[in-house]
Amino acid sequence: MTDSELRDFVQNGLPPRNRSRKEEVLKGLAHARDRYERYARAREQWQPPKRRKSALVEIRRLSEGLRAALGNLDPISKDDLNVAIGSDVFDRLHSCLSEIILKSNDLAKDIRTDGRPRDLARERWIHEVADIYENNFGRKAALYGRNSGPFYRLLHNGMPESFPRHGSLDPRQIKRVLDRRK
């Protein structure tokens, strides 16, 4: 699909109240395509799932250790550090470490280490397009029958340049990706 056809598809598919957001939607779709392209180009740098999971577990462990060490500082050392870097920096660091601990744990739990590795670039692209679709078109991202429905057409028409053209938008695979969304 050409850019003008995609523009027309978006313009005609948006509810009247959101038609003024057409450019924002097109930018979002372009951003999703660009991210897919960046991930696809770096595919050989992707770590195997077990290594990715181990790295996230290690980040969580190290963050917990640093957060505990900061919390165990004696009052004089804590005050000296607060003066040296600023108390707001100290507090933000503690807060950021807590967030890293929670998120790295959640991400590690989501990594499947058995079975066939998932195509994360494709999955993330579908997730992004689904978010754009739901937030702007006012409907749930879903498939209606085989290769049909407005969400499927948006996926198909907004496909990244390097996206495999055959078999990569199998409705069953898309449904599995949509079912895993939180």
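Going Cα to Cα from Lys140, which lysines come in below 29 Å? Please leave out same-chain ones fewer than 8 positions away.
The qualifying lysines are Lys22, Lys27, Lys103, Lys109, Lys175, Lys182.
Set the Förster radius R0 to 30 Å, insert the Cβ-Cβ distance between Asp91 and Asp131 as r into 1/(1 + (r/R0)^6), and round the FRET efficiency to 0.05.
The formula returns an efficiency of 0.40 here.
Since every read-out is calculated from the coordinates, none of them should be taken as a lab result. Small disclaimer: the values here were computed from a predicted structure and weren't measured. So basically every Cβ, Gly included, is an ideal-geometry build from the backbone, and we count neighbours across all protein chains shown.
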